[in-house]
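Right, one structure below, let's go through it.
Nothing in this text is a laboratory measurement; each read-out follows from the coordinates by a stated rule. As the structure is a computational prediction, the values presented were derived from the model and not from experiment. Positions of Cβ are generated from backbone atoms using ideal geometry, with glycine treated the same way; all protein chains shown enter the neighbour counts.
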Amino acid sequence: MVEHTLGPNHALVEEFLAEVTGMRPDWAAFAASLRERQAALRSAIDRLANDDDTPDELIEAVDQAALSAYHALDLADLPDRTDQLAVQNLIGSAAQGIATPGVLADGDLRALLTPFVEAGLSSAATALSALA
């Protein structure tokens, strides 16, 4: 059996990234909320970065899919490049968290997905229920 390139939760990763491409929040407010959660987000992102057990191919496939979703967004009302990078990093990290069950503690996964739950993405809420 061949494993899917987006991991064992590939359908949920695909659903999440499809919903991300349709996001139309107030991007400035979304970025501000990320700044307020910076410590928790950094901790979760660092844990993902230090994961040596996930195959590089899986990480690369999820990163590429997340980057495509990010590039589909209209960030015209978010001119600050630092904020844009924070959004990009969160999308990729949240997708990695969904794709690699067991790598993150529940609180870390919650930190990554909560901004998307608050933005109305049902797939993020589903992922929290299923994985956390």
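Of the residues making up segment 99-132, those that are under 23 Å from Gln64 (Cβ atoms) and aliphatic (A, V, I, L, M) are Ala99, Val103, Leu104, Leu109, Leu112, Leu113, Ala119, Leu121, Ala124, Ala127, Leu131. Within segment 115-132, the set of residues being without any contact (Cβ under 8 Å) to a residue 60 or more places away in the chain and over 19 Å from Phe30 (Cβ atoms) comprises Ser129, Ala132.
Yes/no per residue for (1) within 14 Å of the chain's Cα centre (by Cα); (2) loosely packed, with under 11 Cβ neighbours inside 10 Å; (3) among the polar types (S, T, N, Q):
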{"position": "Arg37", "(1), (2), (3)": "no, no, no"}
{"position": "Gln64", "(1), (2), (3)": "yes, no, yes"}
{"position": "Asp74", "(1), (2), (3)": "no, yes, no"}
{"position": "Asp83", "(1), (2), (3)": "no, no, no"}
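Taken over segment 93-114, the residue count meeting the criterion of being in contact (Cβ under 8 Å) with a residue 24 or more places away in the chain, part of a helix (DSSP H, G or I) and buried (at least 21 other Cβ atoms within 10 Å of the Cβ) is 11.
Looking only at segment 11-34, decide whether some residue is among the small types (Gly, Ala, Ser), in a helix (DSSP H, G or I), out of contact with any Cys (no Cβ under 6 Å at 6 or more places or on another chain) and under 21 Å from Gly102 (Cα atoms). For segment 11-34, residues among the small types (Gly, Ala, Ser), in a helix (DSSP H, G or I), out of contact with any Cys (no Cβ under 6 Å at 6 or more places or on another chain) and under 21 Å from Gly102 (Cα atoms): present.
Here is a check on your reading of the model: is Ala39 free of Cβ contacts under 8 Å to residues at least 24 places away in the same chain and in a helix (DSSP H, G or I)? It is true that Ala39 is free of Cβ contacts under 8 Å to residues at least 24 places away in the same chain and in a helix (DSSP H, G or I). Criterion applied to Ala105, Ala111, Ala95 was being closer than 15 Å to Thr21 by Cα and of a type in the set (Gly, Ala, Ser), and the one residue passing it is Ala95. Taking segment 115-127 as the range and being buried (at least 18 other Cβ atoms within 10 Å of the Cβ) and assigned to a helix (DSSP H, G or I) as the test, the residues that pass are Pro115, Phe116, Ser123, Ala124, Ala127.
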